[in-house]
Each structure stands twice: as C-alpha cells, then as structure tokens.
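Peer 1: Below is one structure. I have some questions about it.
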Amino acid sequence: MSIRFSVASPDGTAVRRLIRLGSKKGSMNGISERLDGIRKRVEAACARAGRDAAEVSLLAVAKTFGPDEVREAADCGLTVIGESRIQEARQKIPLCPGHLQWHMVGHVQRNKVRDVAQLFSMVHSVDSWKLLEAVNGACQDAGRVMPVCLEVNVSGERSKFGLAPEEVPAVLEPCGSLANVEVVGLMTIPPFTEDPEDARPFFRRLRGLRDEWRDRHGLPLRELSMGMSHDFEAAVEEGATWIRVGTLLFGERPRKPKDPDDVPPEDEAARGQETI
C-alpha cells in the first residue's frame, strides 16, 4: 500500500521567525507517529469505500511552522509541500530541502502569479477565469505548464472564495485554449462544524459535479482536493485524491503574525483554513 504525500507551509513570517518556529524539541517522533496514524485512517476509509489507498495523496499543511518541521516531515517520506501564502513561500523554500515540490493551496492574487509560476508545481485554488488566464500567462513566460484545480464554492457561503457551481462550465469550456495551464481537478472547503459528517454532502456534491463536468467537457478532472484534519475520512470515502492535513500532523499552530497576503480574519475563519 502506498499513499502519495505532500506538505504545506506557514503564513507570512519573517525568515528568523521561521527558524525560531522550526526549532521545537522532540517533534520528529510526534510527526512520525501522527503520520502513521493518518495513514492508517486513510487506509481504513479507503477500505470502507472500496478504494485503493494509493489513490489518496496527503498534503501536509505546515503554515505557521518553520523549515525544521518541513525538514522533519520530509525525513518521514513526505516530498510535496503545500503553501498558503506567497510571501511565506519566498522566505521558506530556500531554507527547505531542495528535492521537495510545493503546491499552492491558498487564495492567489493576480498580481502574485509570477511568483506562483516560479515557486509552485501545482495550484489547488484557482477561483476565476481571469486568474486562470493570469497563471497561464505567467507560466508561458516561465516556459512551463502548471496543473491546477478549480476552487468550487459548493456551500454557497458568501465569505468563501471559489467559483459558484453554475460558473464552472464557463471556465472549463474554453480552458483548452490555454497552453500553459492544465485543469486537472476541483477543490472545495465545506463549512466548518463540530461533526465531520456534516461535511460529507459537500464532498459528495463536488464529486457528482466533477463526474457531470468530466462527461460534458471531455476533461479527465482526475483530482478532487477536499478534506482537512477535521473531516478527511469523509472526504476520502467520497472520492478525495488530495487531503490537506496540517494540525493533525504537526500539532497546534503557533499564532501567526500579520501577512500582506492574508485575507481578512473573518473570511479566513469562515473558509475553515484554521482547521487545515
């Protein structure tokens, strides 16, 4: 049994704060043990759903943690790192092992797409046609093709980023004309509730929309990026191929300082980012 793995980085800290945050004692055993527990839970969820656990990738979200934690996670076999803020990625990536790949999982501003094209190997959070065009242009300049997921606001919450479901076909239809991005799937963040089962209908809806749009537009849309520390088992049972797990792997997050890439705090909380 194999599970694809990934890691995501902190939010808007200075380099020296990154180093300080990454100096906790005894975290290696904790990360290793928690990773083993997550693997077992993924395997069990896959068994319940009749899936192969090798279909599921774990994106370990290390925001507000430093390079030392990322390095330790890499020592446990994680090779793909997720990041939610551009400034943090610029500071952190040079301090981390060079073999790691990085995925962008947070909101992307169009004026930051050149950094996205230079820093990341995949974007999970494209939430408009204009952003998709901008990423395509930046990747064209960089001489590369970027796989992306479209973020879909399945819940309809006004505080969340993402395309409304009825807006997605208008993005999928012309996306084949963009030579430097490949829409490989969809991402969503359900409303946060105490009961993880409450998230299941939103995961199921995204999978159903993916199946419908895949047939209609002739796109593979093989990736479903959904599920976080609180609700990833329900997401796996509903077809997730990427789960975004942070606190369950790294522990409670240090309080993060203000970052210019941040969305307003009330929006961040509503998006469920603090539960990744």
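The values are calculated or read from the model by the stated rules, or taken from the named source; none is laboratory data. The model shown is predicted, which means the values in this text are computed figures rather than measured ones. So basically every Cβ, Gly included, is an ideal-geometry build from the backbone, and we count neighbours across all protein chains shown.
Peer 1: Mind telling me which of the residues Phe203, Phe192 ends up being within 19 Å of the chain's Cα centre (by Cα), aromatic (Phe, Trp, Tyr) and part of a loop (DSSP other than H, G, I, E, B)?
Peer 2: Phe192
Peer 1: Quick one: how many residues across region 97-128 are surrounded by 24 or more Cβ atoms within 10 Å (Cβ to Cβ), in contact (Cβ under 8 Å) with a residue 40 or more places away in the chain and closer than 15 Å to Lys63 by Cα?
Peer 2: 3
Peer 1: Moving to a separate point now. Checking Val245 against (1) surrounded by 22 or more Cβ atoms within 10 Å (Cβ to Cβ); (2) of a type in the set (Val, Ile, Thr); (3) at pLDDT 95 or above, only one condition comes out false. Which one?
Peer 2: (3)
Peer 1: Same structure, new question: When only residues in region 202-241 that are farther than 13 Å from Thr188 by Cα, of a type in the set (D, E, K, R) and without any contact (Cβ under 8 Å) to a residue 60 or more places away in the chain count, which is surrounded by the most Cβ atoms within 10 Å (Cβ to Cβ)?
Peer 2: So, considering only residues that are farther than 13 Å from Thr188 by Cα, of a type in the set (D, E, K, R) and without any contact (Cβ under 8 Å) to a residue 60 or more places away in the chain, the one surrounded by the most Cβ atoms within 10 Å (Cβ to Cβ) is Arg214.
Peer 1: Can I ask one more? Here are the criteria: (1) crowded, with 21+ Cβ neighbours inside 10 Å; (2) over 30 Å from Asp36 (Cβ atoms). Tell me which single one Glu83 does not satisfy.
Peer 2: Result: Glu83 passes all but (2).
Peer 1: Just to be sure before I move on: is Lys92 surrounded by 18 or more Cβ atoms within 10 Å (Cβ to Cβ), outside any loop (DSSP other than H, G, I, E, B), more than 15 Å from the chain's Cα centre (by Cα) and among the basic types (Lys, Arg) in the structure I sent?
Peer 2: In short, yes.
Peer 1: How about region 206-239: which of its residues are aliphatic (A, V, I, L, M) and within 15 Å of the chain's Cα centre (by Cα)?
Peer 2: Leu224, Met226, Met228, Ala235, Val236
Peer 1: Provide a single number: the residues in region 92-113 that are polar (S, T, N, Q) and either modelled with pLDDT of 95 or more or touching a Leu at 6+ places or on another chain (Cβ under 6 Å) (or both). Spell out the reasoning first.
Peer 2: Looking only at region 92-113, we keep the residues that are polar (S, T, N, Q), and these are 101, 109, 111.
Subsequent filtering for residues that are either modelled with pLDDT of 95 or more or touching a Leu at 6+ places or on another chain (Cβ under 6 Å) (or both) retains 109, 111.
The total comes to 2.
Peer 1: Here are some residues: Gly162, Gly156. Which one is surrounded by fewer than 16 Cβ atoms within 10 Å (Cβ to Cβ) and at positive phi?
Peer 2: Result of the check over Gly162, Gly156: Gly156.
Peer 1: Every residue in region 61-77 that is assigned to a loop (DSSP other than H, G, I, E, B) and buried (at least 24 other Cβ atoms within 10 Å of the Cβ), please.
Peer 2: Ala62, Lys63, Thr64, Phe65, Gly66
Peer 1: Then there's this: Report, by residue number, each residue of region 122-149 that is in a helix (DSSP H, G or I), farther than 24 Å from Leu206 by Cβ and of a type outside the set (A, V, I, L, M, F, W, C).
Peer 2: Within region 122-149, Gly137, Gln140, Asp141 meet the criteria.
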